[in-house]
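A.B. asks: Quick one: the structure is below, questions incoming.
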Amino acid sequence: MSILLDHDHLHQRGALDTSREIAQQPAVWRQIGRMTAESSTATVAFLKPLLERPDLRIVLTGAGTSGYVGEVLAPSLRRRLGRRVDAVATTDIVADPLACFAEDVPTLLVSFARSGDSPESVTATELASQVLTDCWHLVVTCHEQGRLARQHADRSSSRLVLLPEAANDRGFAMTSSFTGMLLAGLLTLGGPDDALVERLATAAEQVLSTRPAAAADLAARGYSRIVYLGSGTLHGLARESALKVLELTAGRAVALAESALGFRHGPKSVLDDRTLVVSYESNDPYTSQYDRDMVAELLRVIPERNLVTVTGRAGQPAGDNAWILPGIGDVDDAALALPAVICAQLIGLHFSLALGRTPDNPFPGGEVNRVVQGAIMHPLRRQPAARPTAGPDQGHPGLDGDRADVSSDARRR
């Protein structure tokens, strides 16, 4: 069954763009793989001097789905690069930049943004440059004319990674843009890998050809809640998966994301006979033990039909309702997340249709927008420095006692 089997039906249901953007992902990934390889010389020239600095901190940022790109990538890049890599949402940076950048260390801010036009996208990069002494920017975006791309296109301290136009989703929910930015970040910071891209694209094609009917069957059962479980790197994937359900169903299906170990500590209370659980199994042999333990525990308390395991490790996953991602049982979990998230996209799409929503625009009244609106960006003002109760009167090294706007170069030396 293809999700594009009936073009007219999907158009009438307001699902054509979302369906097409889910289905096109293998082709988009191959294109990103080629583009990344072709630009690798310039990318290395920008990144190599930075990565040679032992004190460099890498911060992966974005909002919503774009922020989850960083959450998936960060653990993998920590291991691969052997250095500090943090995922910090733009919404956190904008709300409290002095906490997010409390350590004034050389920083590479990697910004992920579909459009680059949300208020936080540009403001987060501006605040980083204001607060930090040494700050460089790697911008990964799908929109060449977005504010973020335009502001960083010609800066010597910035490198722009522009994705193919097809990755700039027209549908409300981010699908191609999520996986496109995830893959671009993986290949840009970890190095081009044509063989890996082809394996991921092939696995995704198998999911797209075999799982839409199963997703439609799940949606027809009347579940009111969905829980996504993922450990380590796959916790970020679980969060993105839950968001897809909330967005595409306009909140009609409640979704929760947790880690396998964390689920026991209270969130397990959500389980009832109308709850579907989707568990992502890590490719890491150590981490997967906890995933399988949770699946075994769940099978003792919920019907087996209410549990789906998504795994790249063929063999004997607990329970018979396993969705196998073929040929990628040995890849890093950040790479595994690419075909795995297509399972969640299909589930979100079919739940939306089953609930009578229009996936391309689940909020026709404009209650929630494709590009975030309404957030006011307030200027950062330095607070008076804390004064010690005894000893010399000395301020915080990064702040002075005057209450004044921080200019764009206020702390750059």
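A.B. asks: Where in the stretch 11-125 are there strands (runs of 3 or more DSSP E), lying fully within it, with 3 or more residues that are surrounded by 20 or more Cβ atoms within 10 Å (Cβ to Cβ), assigned by TED's automatic domain parsing to the domain that holds residue 143 and not hydroxyl-bearing (Ser, Thr, Tyr)? Let's see the steps before the verdict.
C.D. replies: Details: elements: 57-61, 85-87, 107-113.
In the stretch 11-125, the matching strands (runs of 3 or more DSSP E) lie at 57-61, 107-113.
A.B. asks: Residue by residue through the stretch 1-10, note down the ones that are surrounded by 19 or more Cβ atoms within 10 Å (Cβ to Cβ) and part of a helix (DSSP H, G or I).
C.D. replies: Kept after step one, since they are surrounded by 19 or more Cβ atoms within 10 Å (Cβ to Cβ), are these residues of the stretch 1-10: 3, 10.
Matches in the stretch 1-10: 10 only.
A.B. asks: Is one or more of the residues making up the stretch 189-205 touching a residue at least 40 places away in the same chain (Cβ under 8 Å), out of contact with any Cys (no Cβ under 7 Å at 6 or more places or on another chain) and more than 19 Å from residue 334 (Cβ to Cβ)?
C.D. replies: There is at least one residue in the stretch 189-205 that is touching a residue at least 40 places away in the same chain (Cβ under 8 Å), out of contact with any Cys (no Cβ under 7 Å at 6 or more places or on another chain) and more than 19 Å from residue 334 (Cβ to Cβ).
A.B. asks: Only one residue in 110, 72 is under 21 Å from the mean Cα position of the chain (by Cα) and within 25 Å of residue 283 (Cα to Cα), so which one is that?
C.D. replies: Details: 110 fails: within 25 Å of residue 283 (Cα to Cα).
It is 72.
A.B. asks: Continuing with the same structure: Considering each of 261, 256, 271, 218 in turn, give the residue that is surrounded by 16 or more Cβ atoms within 10 Å (Cβ to Cβ), under 24 Å from the mean Cα position of the chain (by Cα) and either in the same structural domain as residue 321 (by TED's automatic domain parsing) or not aromatic (Phe, Trp, Tyr) (or both). Reasoning before the result, please.
C.D. replies: Details: 261 fails: surrounded by 16 or more Cβ atoms within 10 Å (Cβ to Cβ); 271 fails: under 24 Å from the mean Cα position of the chain (by Cα); 218 fails: under 24 Å from the mean Cα position of the chain (by Cα).
None of the others qualify; the one that does is 256.
A.B. asks: Within the stretch 84-122, work out how many residues are of a type outside the set (A, V, I, L, M, F, W, C) and within 13 Å of residue 149 (Cα to Cα).
C.D. replies: Residues of the stretch 84-122 of a type outside the set (A, V, I, L, M, F, W, C): 84, 86, 90-92, 96-97, 103-104, 106-107, 111, 114-121.
Add one more test, that the residue is within 13 Å of residue 149 (Cα to Cα), and what stays is 111, 114-118, 121.
Residues that pass the stated criteria total 7.
The values are calculated or read from the model by the stated rules, or taken from the named source; none is laboratory data. Quick caveat, the model's predicted, so the values are computed rather than measured. Cβ atoms come from the backbone with ideal geometry, glycine included; neighbour counts cover every protein chain shown.
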